[in-house]
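Okay, so here's the structure we're looking at.
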Amino acid sequence: MRATYFLILAEIAAYFILSFNPPSAFSYLGFSTSGFLQGQFWTPVTSMFVHVDLFHLGTNLLFLYIFGTALEERIGAVRTMVICFTAGVLSLLAGVPFYSPDTHIVGASIAVSALVGAVVVLAPNRSSPLTLFAPLGLVATIYLIFNAFMLAFDQTGGIAYQSHVIGFFIGLILGLAWRKRQTLSERAPAENIMPSQRRV
């Protein structure tokens with residue numbers, strides 16, 4: 001099974017399982033600075049599988065499908081999962097200074113933001129019918145601008161725009177690191193050929 005489809009199914013299953021007791025889900029699985037410092041070290045991962053409502057879940061799954069499948073086709077299932085979870089955890093921890101200690105952050109959007117950022121450098125020219133065949137690099141840029149705009153002007157505090165932006169750039173950095181590594185590995189075989197063996 002493709003990693004993206006697995007993540008989508010896991011998110012849906014978690015939503016319906018946790019819907020039986022939402023307060024406990026937020027308290028014990030959602031990420032907060034105070035909870036983390038008190039020993040809830042699992043919450044940077046589990047918070048990705050807690051959603052407020054079906055709209056929250058649906059929008060995250062839409063972006064997960066669009067950018068996750070594009071990235072997975074480019075770099076494979078394992079690396080896509082690594083970017084998703086590594087950047088998701090790092091983004092939550094890096095965003096700690098922007099929220100009060102007792103604020104609970106939930107949802108897959110921060111990890112998905114990392115996939116969006118990675119696509120900018122790894123698969124910018126891919127497209128999807130769900131984006132009206134617009135290049136995903138362009139869609140990702142619009143996504144970043146929107147989050148930056150809302151970060152500057154939305155004062156409600158209901159959405160973690162700070163962490164979305166952080167996740168985007170961490171995904172971008174991981175994407176650049178993978179692209180550089182891939183480029184070096186592609187050059188290596190040619191550099192190992194003796195001059196007399198080369199053809200021009």
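The values are calculated or read from the model by the stated rules, or taken from the named source; none is laboratory data. It should be emphasised that the depicted structure is a prediction, and the values quoted were computed from it without experimental measurement. Here Cβ is always computed from backbone atoms with ideal geometry, including for glycine, and neighbour counts include all displayed protein chains.
Can you tell which of Leu144, Leu132, Leu151 is out of contact with any His (no Cβ under 6 Å at 6 or more places or on another chain) and modelled with pLDDT of 95 or more? Write out each step before concluding.
On the way: Leu132 fails: modelled with pLDDT of 95 or more; Leu151 fails: modelled with pLDDT of 95 or more.
The unique qualifying residue is Leu144.
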The condition of being modelled with pLDDT of 95 or more and under 25 Å from Thr69 (Cβ atoms) holds, among Ala160, Ala108, only for Ala108
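Inside segment 85-106, can you point out the residues that are closer than 25 Å to Arg74 by Cα and surrounded by 23 or more Cβ atoms within 10 Å (Cβ to Cβ)?
Quick first cut of segment 85-106, residues closer than 25 Å to Arg74 by Cα only: 85-91.
Ala87, Gly88, Ser91 - these are the residues of segment 85-106 that are closer than 25 Å to Arg74 by Cα and surrounded by 23 or more Cβ atoms within 10 Å (Cβ to Cβ).
Which of the residues belonging to segment 17-35 are part of a helix (DSSP H, G or I) and in contact (Cβ under 8 Å) with a residue 24 or more places away in the chain?
Taking segment 17-35 and keeping what is part of a helix (DSSP H, G or I), we get 17-18, 22-29, 33-35.
Within segment 17-35, Leu18, Ala25, Phe26, Ser27, Leu29, Thr33, Ser34, Gly35 qualify.
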For Arg181, the lone unmet condition from (1) surrounded by 12 or more Cβ atoms within 10 Å (Cβ to Cβ); (2) over 17 Å from Thr4 (Cβ atoms); (3) of a type outside the set (A, V, I, L, M) is (1)
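I'd like to check which helices (runs of 4 or more DSSP H) are fully inside segment 57-155 and have at least 1 residues that are without any contact (Cβ under 8 Å) to a residue 24 or more places away in the chain and farther than 18 Å from Ile8 by Cα. Even if it seems obvious, please write down each step before you answer.
Numbers: elements: 77-94, 109-122, 136-153.
Result: 136-153.
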Of the residues in segment 156-173, those that are in a helix (DSSP H, G or I) and in contact with a strand residue (DSSP E or B) (Cβ under 9 Å, 6 or more places away or on another chain) come to Ser163
Only one of (1) touching a Pro at 6+ places or on another chain (Cβ under 9 Å); (2) surrounded by fewer than 20 Cβ atoms within 10 Å (Cβ to Cβ) does not apply to Gly76, and that is (1)
For segment 36-53, the count of residues that are aliphatic (A, V, I, L, M), in a helix (DSSP H, G or I) and surrounded by 13 or more Cβ atoms within 10 Å (Cβ to Cβ) equals 2
